[in-house]
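In what follows, a single structure is set out as structure tokens and then discussed.
The values are calculated or read from the model by the stated rules, or taken from the named source; none is laboratory data. The model shown is predicted, which means the values in this text are computed figures rather than measured ones. Here the Cβ positions follow ideal geometry from the backbone for every residue, glycine too, while neighbour counts run over all protein chains shown. All accessible areas refer to the heavy atoms of the entire protein, side chains included, with ligands and DNA or RNA removed. Shrake-Rupley method; radii C 1.70, N 1.55, O 1.52, S 1.80 Å.
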Amino acid sequence: MHDLFDDLPTAETAYREAASHAHDLASWKPSHPVVYEAGRRIGFYKLRRRDTGGGKRAFEREFKKVCDAWRRGERFRREVIEPRVTTGRERLSEQERMHRQQIGQTCIRELKAMLGR
């Protein structure tokens, strides 16, 4: 019997969502808490790195367990994930960008000259 109020996504949809957002968890807003929980239990790193078939089957098994727990009344909390602060990736000024581009072009010309091209 299908519950009309059961708003859980299908395993296929949940897998595609989790796999496509596994690289950027800080900005991902899951469509349902069970999608995130199943991905967390599998491990987002593994979800990103596994072959599609094996990763999908493992996710579907875990997703079924998570959905059963959800239907029994268990609720899942998601920790707040802060985006990483990266260094060295700040935007360059137009002048700095042009200077680096000129250096790169000079290096390419020198390499071509060394190779005789």
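Structure notes:
- A Cα-only calculation for the chain places Rg and Dmax at 23.0, 75 Å.
- Two-decimal Rg to Rh for segment 10-52 - Kirkwood Rh, Cα set: 0.91
- When the surface is traced with a 1.4 Å probe over the full set of protein chains, E96 keeps roughly 90 Å² accessible.
- Folded to 0 to 90 degrees: helix 11-21 orientation relative to the chain principal axis, Cα: 30 degrees
- Crossing angle, helix 33-42 versus the chain [Cα axis fit, 0-90 degrees, rounded to tens]: 70 degrees
- Efficiency of FRET between K64 and A26 - r from beta-carbon atoms, R0 22 angstrom, step 0.05: 0.20
- By the helix-only formula, in which each DSSP H run with n ≥ 4 contributes -39500 (n - 2.57) and the sum is divided by residues, the chain has a 222 nm mean residue ellipticity of -19000 deg cm²/dmol.
- Calculated accessible area for the chain comes out at 80 Å² per residue, all protein chains present (probe 1.4 Å; ligands, DNA, RNA ignored).
- When the Cα positions of F76, A113, L47 are compared along the charge dipole of the chain, A113 comes out farthest toward the positive end, with charges on each C-beta of Lys, Arg, Asp and Glu.
- Measuring nothing but how far apart in sequence close Cα pairs (under 8 Å, 6+ apart) lie, relative to its length, segment 17-63 scores a relative contact order of 41 percent.
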